[in-house]
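Here the structure comes first, spelled out in structure tokens, and everything after it is commentary.
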Amino acid sequence: MRIGFLYNSQSHQILHSLPMALELSILRPDWQVDILAPSHDHLDYIQQFIPLYPGARVTLCLLPQPLGIRVYRRFRALPVPPKAWSLFHNRRMLNSYDALVSTDKTSLLLRWFGVRRPKFINTEHGAGDRDVTFDPRVAKFDFNLIPSPKSAQRLVEAGYLTANRYAVSAYAKFDAVNRLAGKRLPLFGNGRPTILYNPHFSATLGSWPRFGMTVLEIMARQDRYNLIFAPHMRLFDPVTPGKLATFQRFQGLDHIHIDLGSDASCDMTYTMAADLYLGDVSSQVYEFLCKPRPCVFLNAHAVAWHENANYRFWTFGPVLDTLDDLLMHLDDAFARHEQWRAVQEHAFAANFDLSVNNPGRHNATLLAEWLSRSI
């Protein structure tokens, strides 16, 4: 059987299924497991995780790109080629697989392009509370591995998932992160508590357009905290010299670390290094809460969020409508964290299956069992 793990989007989605791909190649050595990616950068990033899974036998495959895309990318910096264009160009090759596993629902376009042979498997790439997590397109996949009991329940209640078309899986990204433990170097050496500011990329939901630069300026002037500014990597994608120049005045400060979208933004380097999460609507807050810690949220759009299930994570800490006295609110969030600890622990346990010790192997087993029955 030939299984293709398709990474046709930005690199932040890779770790949501890569541990499963590597474990599947160990679990079923009689199957061919290919990693399909549109750029050498993707493949280089993936390569560094393979040694963490001794015995993994995967083939790394660069998706060919048409001349038009190659010329286009010479004049415009893009981390990945246009997704639909790339899928269309590779449709015949992708049709040779028995199954295609994807974190990106754009892969469903392949069916419009005549790809009929493979089974389509969705693995999701996050587990938050917003509507985007509960996408009706899951119903179009042959099988779904949903990495959150809470998300699976909502999808079933909405009628998007039916029996035998899904399984509640584990959060595969935690597998890779656990294997990286001990390999991370400290970002700061001054002993101060560290704040992670992690704004979402959406201008209509996130805090960056209204509050972002002011947050950086406030944190640059104070001497109580370190700041990691690591937004969702799509906020500044692609990162260009012009975008980097905007932050030049902060680069010389030893208590400020700015990363607009490196690999460290994908592998929980920053969520593991921080002592407090400052954000808005990103599902990364759930990754941060693998260890309960203070959270502060910025309501940049005057959202009436209290009874809104899409903002359930805003019950994990104080929500600020302005940046008035931001430092005081950060101090207070540290001092009163016990007020929110139980809520954080309950929400994290509801969002992830904490009984699974090896998420990659667990998910690979679920996938192998379904494929063995279905193909």
From fewest to most C-beta neighbours within 10 Å, the residues SER283, SER355 line up as SER355, SER283
Calculated FRET value between GLN248 and ALA203, using beta carbons and R₀ = 25 Å, to 0.05 | 0.60
Which order do peptides 96-102, 154-160, 294-300 fall in by mean Cβ count within 10 Å, highest first?
-> 294-300, 96-102, 154-160
By how many nm would the segment from LEU67 to ASP44 lengthen if fully extended, with 0.36 nm per residue of separation less the alpha-carbon distance?
-> 6.0 nm
Rounded to 0.05, the calculated FRET efficiency for the beta carbons of THR214 and ALA158 at R₀ = 56 Å is 0.90
For VAL303 and GLN222, extending 7 Å from Cα along the Cα-Cβ vector and measuring point to point gives, in nm, a value of 2.3
Residues whose built amide H sits under 5 Å from the amide H of LEU60, excluding neighbours closer than 5 in sequence, are ILE35
Computed over the chain, the relative contact order (Cα-Cα under 8 Å, seq sep at least six) in percent reads 18
Theoretical gain in end-to-end length, THR59 to ARG111 [0.36 nm per residue, Cα-Cα removed] | 16.3 nm
For the range 43-202, shape from the Cα gyration tensor axes a ≥ b ≥ c, cut at a/c of 1.5 then a/b versus b/c, turns out oblate
Bin width 10 Å, alpha-carbon pairs only: give the P(r) of the range 1-128 as whole percents, running from 0 to the bin holding the largest distance.
-> 13, 45, 34, 8, 0
With the charge dipole of the chain built from beta-carbon charges (+1 for Lys and Arg, -1 for Asp and Glu) about the Cα centre, the Cα from ILE195, TRP370, LEU330 projecting farthest to the positive end belongs to TRP370
Three principal axis extents, largest first, for the C-alpha atoms of the range 194-351, in Å?
-> 42, 31, 30
Report, by chain and number, residues whose modeled amide H sits under 5 Å from the one on SER282, excluding near sequence neighbours (fewer than 5 apart, same chain).
-> HIS200
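For the chain, what is the charge dipole size about the Cα centre, in debye to the nearest 20, if Lys and Arg each add +1 at the Cβ and Asp and Glu each add -1 at the Cβ?
1480
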For the range 82-140, just list the percent of Cα-Cα distances falling in each 5 Å bin from zero outward, please.
-> 4, 18, 28, 23, 14, 8, 4, 0
Lys/Arg Cβ at +1, Asp/Glu Cβ at -1, dipole of the chain taken about the Cα centre: which of THR204, PRO186, TYR53 is farthest positive-ward?
-> TYR53
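Each value in this text was obtained by applying a stated rule to the coordinates, not by laboratory testing. Note that this is a predicted model, so its numbers are computed, not measured. Glycine gets a Cβ as well: all are built from the backbone with ideal geometry, and neighbour counts include every protein chain shown.
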